[in-house]
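Q: Quick one: the structure is below, questions incoming.
The values are calculated or read from the model by the stated rules, or taken from the named source; none is laboratory data. Predicted, not measured: the structure shown is a model, and the values here were computed from it. We place every Cβ from the backbone using ideal geometry, glycine too, and count neighbours over all the protein chains shown. These accessible areas exclude ligands, DNA and RNA; they are computed on the full protein's heavy atoms, side chains included. Shrake-Rupley method; radii C 1.70, N 1.55, O 1.52, S 1.80 Å.
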Amino acid sequence: MRFRRQGNVMTVDLHGLYEAAARSLLLNWLDHAPEGVRELRVIHGCNQGVVLRDMVRQSLRHRRLTGWLPALNPGETRLLLRQPRLCEKMS
């Protein structure tokens, strides 16, 4: 399973995806992220190159993202999320 939720943190594993598919998956999830989720832990790996890591850390943009933090694991990045406004939910 790619997504797993623990409280207000979700985890997604991008292993085996190409950059375009990973970006599409993340952007779609961010568009429909469950209420109450404050952080998305993205597991992108680190041994087979840095394409997914760089995409997540440098070029991924979305209105729900407030920033990112490197994790202790070099194959993971923590994305910090803002909660949608009431007017955004109604439209």
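Q: So, restricting to strands (runs of 3 or more DSSP E) that lie completely within region 7-74, which ones have at least 1 residues that are in contact with a Leu (Cβ under 7 Å, 6 or more places away or on another chain) and open to solvent by less than 20 Å² (accessible area, probe 1.4 Å)? Reasoning before the result, please.
A: Details: elements: 9-13, 39-43, 65-70.
Where strands (runs of 3 or more DSSP E) fall fully within region 7-74 and carry at least 1 residues being in contact with a Leu (Cβ under 7 Å, 6 or more places away or on another chain) and open to solvent by less than 20 Å² (accessible area, probe 1.4 Å), they are 9-13, 39-43.
Q: What are the pairs, 6+ residues apart or on separate chains, where a residue within region 35-52 that is within 15 Å of Asn73 (Cβ to Cβ) has its Cβ under 7 Å from a residue that is open to solvent by 30 Å² or more (accessible area, probe 1.4 Å) and in a helix (DSSP H, G or I)?
A: The qualifying pairs are His44/Arg53; Cys46/Arg53; Leu52/Glu19.
Q: In region 75-91, how many residues are hydroxyl-bearing (Ser, Thr, Tyr) and either open to solvent by less than 30 Å² (accessible area, probe 1.4 Å) or modelled with pLDDT of 95 or more (or both)? Give the derivation first.
A: Step one: of region 75-91, the residues hydroxyl-bearing (Ser, Thr, Tyr) are 77, 91.
Next cut, either open to solvent by less than 30 Å² (accessible area, probe 1.4 Å) or modelled with pLDDT of 95 or more (or both) only: 77.
Number of matching residues: 1.
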